[in-house]
1. Does Gly85 satisfy the condition of being out of contact with any Pro (no Cβ under 8 Å at 6 or more places or on another chain), under 20 Å from Gln73 (Cβ atoms) and among the small types (Gly, Ala, Ser)?
2. Kindly state which helices (runs of 4 or more DSSP H) lie completely within the range 302-380 and contain at least 3 residues that are under 20 Å from Ile200 (Cα atoms) and in contact (Cβ under 8 Å) with a residue 24 or more places away in the chain.
3. With (1) under 16 Å from the mean Cα position of the chain (by Cα); (2) farther than 18 Å from Thr60 by Cα; (3) in a loop (DSSP other than H, G, I, E, B); (4) of a type in the set (A, V, I, L, M, F, W, C) as the list, and Leu91 as the residue in question, which single condition is left unmet?
4. Which residues, taken from the range 47-69, are in contact with a strand residue (DSSP E or B) (Cβ under 7 Å, 6 or more places away or on another chain), farther than 16 Å from Ala121 by Cβ and of a type outside the set (D, E, K, R)?
5. Which of the residues that make up the range 236-248 are open to solvent by less than 20 Å² (accessible area, probe 1.4 Å) and under 19 Å from Leu181 (Cα atoms)?
6. When you go through Gly85, Gly97, Gly64 one by one, which is the residue that is at pLDDT below 95 and either open to solvent by 10 Å² or more (accessible area, probe 1.4 Å) or over 18 Å from Ala156 (Cα atoms) (or both)?
7. Report the residue count in the range 264-285 for those that are modelled with pLDDT of 85 or more and farther than 28 Å from Ser346 by Cβ.
8. Considering only residues that are of a type in the set (A, V, I, L, M) and under 18 Å from the mean Cα position of the chain (by Cα), which ones fall in the range 233-276?
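The values are calculated or read from the model by the stated rules, or taken from the named source; none is laboratory data. Keep in mind that what you see is a predicted model, and the values were worked out from it rather than measured. Backbone-built Cβ (ideal geometry, glycine too); neighbour counts: all protein chains shown. With ligands, DNA and RNA removed, areas are computed over all heavy atoms of the protein, side chains included. Shrake-Rupley method; radii C 1.70, N 1.55, O 1.52, S 1.80 Å.
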Amino acid sequence: MNRLGKAVVIVVALVAVAAVYVMNPNLPTPDGAISASLYSPGELGMRRESISLIDSSRPTSANGDYAGDPARQLDGFVWFPEDVGQAPFPLIVYSHGFMSSVGEADNLAEFLVPKGYVLVAVDYPLSNGGAPGGPTVTDVINQAGDVSFIIDSMLARSMATDDELSGLIDEERIAAVGLSLGGLTTQLVTFHPSERDSRIKMSVSIAGPSAMLQSGFFDNADVPFLMIAGSSDAIVPYQDNAASIPERVDNSLLVTLDQGSHAGFAGISSTFMRWFEHPDELVCPMLVSGLERDQEEQDSILEANLAAGITATVSTPCAMESFPRAMRPGQQQMLTRLAVYAFLESSFAEESSRRQAMLQYLQQDLAAENSPDVSVTANQ
């Protein structure tokens with residue numbers, strides 16, 4: 001190869017390396033001593049396995065030009081520690097947002113699993129971005145049942161003697177975590193009077209809609225509840241949804257990220273979307289179009305659940321007149337990781353001193369070490 005050819009190869013290689021960095025930058029790390037310690041990488045490693053679950057006891061509804069199905073297909077992944085010497089581990093069921101996918105769970109999985117957690121997530125049949133007939137939010141009422149079926153399936157595998165997950169899951173330490181519509185799914189499976197799953201011991205809603213959930217709705221279960229929300233969320237407006245959580249939900253914590261956006265919670269936003277002043281400005285047109293498609297059916301489902309404490313009072317998405325500069329997505333995701341991990345440890349850590357330390361961190365140190373980006377309000 002001549003000198004010119006070698007030079008071209010070197011340039012191409014450098015461009016490739018730069019592209020990898022640009023599209024997959026490292027998230028920032030916290031400055032505070034306690035936060036930095038908690039944010040240090042786990043040491044248990046991680047394995048990921050594809051899963052394909054079929055719940056033949058419940059149908060998938062017709063949707064647009066999709067005729068429906070007598071069963072519910074749930075394809076996704078389970079992430080679990082490579083070093084299983086500390087098993088059994090807590091189980092986290094992660095629920096993705098509207099028009100999203102199972103890949104959304106990667107961001108939390110890669111952080112939590114090496115620290116001693118099993119995490120499972122699937123594409124929900126009709127709300128994922130590639131859903132037949134087009135993604136719809138109306139199937140959210142059925143996603144609570146999907147979470148319960150996923151728990152059934154994971155516990156069955158943990159109890160089997162010849163399974164990769166054999167003995168890995170602690171059935172007394174199960175949490176539900178979700179983003180956006182997945183956050184609403186989490187609230188439904190935790191608190192709904194008939195759809196809730198009593199095996200869920202902790203619940204985290206990240207920017208999940210809650211304006212339609214009356215205070216009485218949350219009285220159906222006494223489960224530690226964490227809401228993480230951005231004050232500049234254009235899609236699930238903060239004041240209408242998250243701000244009143246400490247008043248409406250006993251044993252709850254609200255972690256507010258100053259100028260945090262909605263899309264900023266999604267892993268993809270820390271790549272190319274980080275160059276936008278406000279990531280929600282890019283997402284809003286697509287989201288509004290998807291929501292308008294089945295507005296009448298959404299209203300009818302809400303009205304059918306009035307007795308369950310669910311009303312038709314919803315906030316209007318994407319009504320912001322302007323999109324001011326939002327918190328950088330990488331910072332937003334780093335703070336979310338810290339809050340979720342500390343919250344889970346505040347109940348699931350085996351040593352009581354660790355549980356107490358994590359609760360104190362959430363109530364005091366998280367905000368103190370990450371001011372002014374974070375504020376925490378508790379009802380405990």
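1. No, not satisfied.
2. Those helices (runs of 4 or more DSSP H) span 329-348.
3. (3)
4. Ile54, Pro59, Thr60, Gly68
5. Once the filter is applied, which keeps residues that are open to solvent by less than 20 Å² (accessible area, probe 1.4 Å) and under 19 Å from Leu181 (Cα atoms), the range 236-248 yields Val236, Asn241, Ala242, Ile245.
6. Step by step, each of Gly85, Gly97, Gly64 is checked, and only Gly64 is at pLDDT below 95 and either open to solvent by 10 Å² or more (accessible area, probe 1.4 Å) or over 18 Å from Ala156 (Cα atoms) (or both).
7. 9
8. Taking the range 233-276 and keeping what is of a type in the set (A, V, I, L, M), we get 234-236, 242-243, 245, 249, 253-255, 257, 263, 266, 268, 273.
Residues satisfying the conditions are Ala234, Ile235, Val236, Ala242, Ile245, Leu253, Leu254, Val255, Leu257, Ala263, Ala266, Ile268.
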